[in-house]
Amino acid sequence: MFRRASVVTFSQANCKGLVTPTFSRRMLAERLTGEDRTVKLSPVFSNGWKEVNDRDALYKEFAFKNFNQAWGFMSMVALEAEKTDHHPEWFNVYNKVNITLATHECQGISDRDVKLATFIDQVAQKFL
């Protein structure tokens, strides 16, 4: 399901104030296909996510009561995205947030997108 890849990350500044790279190993995501895709995407679709017509990606629109709730929601999602190193494509105007999820390294929908979509839905319930 995942391939290994070396990823360069940057550690905090060393004692001389320079940022030095550190190396970590992370698994490369693979695109969901076949029965595995059907089974894993079924709960996501039942929560309102849709497939994007012109690419292999998931999309959902959220409408909150006001800008503060939308921003709070986005902040919680952003923290998780940083933690998991998987970031959404999103657009925000006032109380609306439109989110597209796709895994760039496999150019399609992966387990990472399913996990992030599930997390996003859980966070949204706190604000809706």
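Bear in mind these aren't lab numbers, they're just calculated from the coordinates by the rules spelled out. Bear in mind the structure is a predicted one, so any value in this text is a computation, not a measurement. Here the Cβ is made from the backbone with ideal geometry for all residues, glycine too, and neighbour counts use every protein chain on show.
With a simple spin-label model that places each label point 7 Å from the Cα along the Cα-to-Cβ direction, the separation between residue 98 and residue 128 comes to 1.8 nm. Bridgeable aspartates and glutamates around residue 83 (alpha carbons under 13 Å apart, same-chain partners fewer than 8 residues away excluded) are absent. Shape analysis of the stretch 32-128 yields a ratio of the Cα radius of gyration to the Kirkwood radius, Rg/Rh, of 0.96. Spin-label model, residue 79 to residue 115: label points 7 Å out along the Cα-to-beta-carbon direction sit 1.8 nm apart.
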